[in-house]
Structure formats: structure tokens, C-alpha cells
Amino acid sequence: MKTSTAALAAAAIVAMGLGAAWFSISRNENRDIFAQCRSSVVAGGTDQIGGPFTLTDENGKQVTNKDVITEPSLLYFGYTYCPDVCPLDNARNAEATELLAKRGYSVTPVFISVDTERDTPELLKEFTDIMDPKMIGLTGTPEEIKQVSKEYRTYYKVQNPGDPYTLIDHSTQSYLVFPDIGFVEYFNRDTPPAEMADRIGCFIDAWKGAKSGN
């Protein structure tokens, strides 16, 4: 009886140890490595935003999300004929990425046009080259743009279809995306470039730390 009791006690201790180990592993796997960097809340979680896409870049080449997002990237949806909001927002994104570059961080700004009628690859290239030589411009068919907009939960609406001077209503958030994770954070247009750079730097440090096991 004593031997049996001792065996049961030993088995219980082992089971408790395994349970604790499983809990620890599970908690680490599910923890948010970016928790200390976040200042926004996404309904349903960050995995509800973003996804694969196939578009045409500013050089006329068909590309996928894997071709474009090869490092931390800032995605913005707009159009080149936008009179004020898009130029200001993309200039802000370019300034933030320049600040990050001075600190040793590499980030790619990406501009996705929702104007499938007017924004040719050539026009996108002119626009992005003015903003930042590193900025990537993307366009596509109406169906492709509709799909990527849906993936990122953005909104756009052409005010007067067929009018060559029409304005387009659209969302103005910028999305921080990582190549092996996807969407991690968004920034409203009133976020200053210095604050954006600080927050993006935090995300990149956490990302690199997780990759290295720290």
C-alpha cells in the first residue's frame, strides 16, 4: 500500500509539472508580443484585418503581397488626384520612415490606389517618387482593388463615376504590416510623424526580439 501511495503521489507531481509547463507554453504562444506598443483596439482582433493580394506595381509588373511586404511596411489607400488628404498623409508616412531610417530601422511605405480609372502605373510612379523613392505604388482592376480594400476593411466611393475630375471618398488610416505576421497596427491621420516613428520602432524591436527568442 505504501508503494502504491508513493507511486500515485509521484504521478500526481509529474502531472502537475506537465500541466504547469503546458500552461506556460500556451500562455507564451498566445501572448501579444506587441502589447506594450499598442495604442489602438481592433474589433475582433488584428487577425481580422489584412490578407493576400495580387496587384500591379508602379512599373507595370504583377505582384503579390509577398513580393511587396518584404519588411515592415506602411500601407495607405488613396488616389493621386486627391487634392489634399492623400499628399499630406503620404508625406507624413514618408517623413516617419525617414526618421526611422536615421535610427537604423528600415520600413517601406506603400500607396494603394483606389482610383482604377485614372491611376495608371506611370502616374503612380510619379506620385511615389515625389513622396519617397522607396515608396511602392500599387494599382489593379476594380475587382482586385475591391478585394484588397475589403481585406483591410477600408472604405472608398467614387462620387461621380465617369467624371474625369471626380473626387473619391476614402478611409485615411495607415496600416503597419509585417512580412511574416501581417497587420499589427493602424495609425490615424492626426498622428504626427515623430510619434508614428516612435511607435513603429517599438513594434519592430518587439518583432525582432520575438524572432531572436528574447
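The values are calculated or read from the model by the stated rules, or taken from the named source; none is laboratory data. The structure presented is a predicted model; accordingly, all values stated were derived computationally and were not measured. We place every Cβ from the backbone using ideal geometry, glycine too, and count neighbours over all the protein chains shown. These area figures cover heavy atoms from the full protein model, side chains too; ligands, DNA and RNA do not enter into them. Shrake-Rupley method; radii C 1.70, N 1.55, O 1.52, S 1.80 Å.
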Chain lengthening between residue 47 and residue 66 when straightened (0.36 nm per residue, less Cα-Cα): 5.1 nm
Enumerate the aspartates and glutamates that residue 211 could reach by cross-link, defined here as Cα to Cα under 12 Å, with residues fewer than 8 away along the same chain left out. 180
Prolate/oblate/rounded call for the range 55-181, Cα gyration tensor, a/c under 1.5 rounded: prolate
Selection of trypsin sites (Lys or Arg not before Pro), the range 38-90, meeting DSSP coil and at most 14 other Cβ within 10 Å: 61
At 1.4 Å probe size, put 155, 76 in order of accessible surface, largest to smallest. 155, 76
Roughly how many nanometres apart are two label points built 7 Å out from the Cα toward the Cβ at residue 88 and residue 102? 2.3 nm
What lysines does residue 150 reach when the alpha-carbon gap must be under 27 Å and sequence neighbours fewer than 8 apart in one chain are set aside? 61, 66, 125, 134
Aspartates and glutamates within cross-link reach of residue 102: Cα-Cα under 16 Å, excluding same-chain residues under 8 positions apart? 132, 195, 198, 205
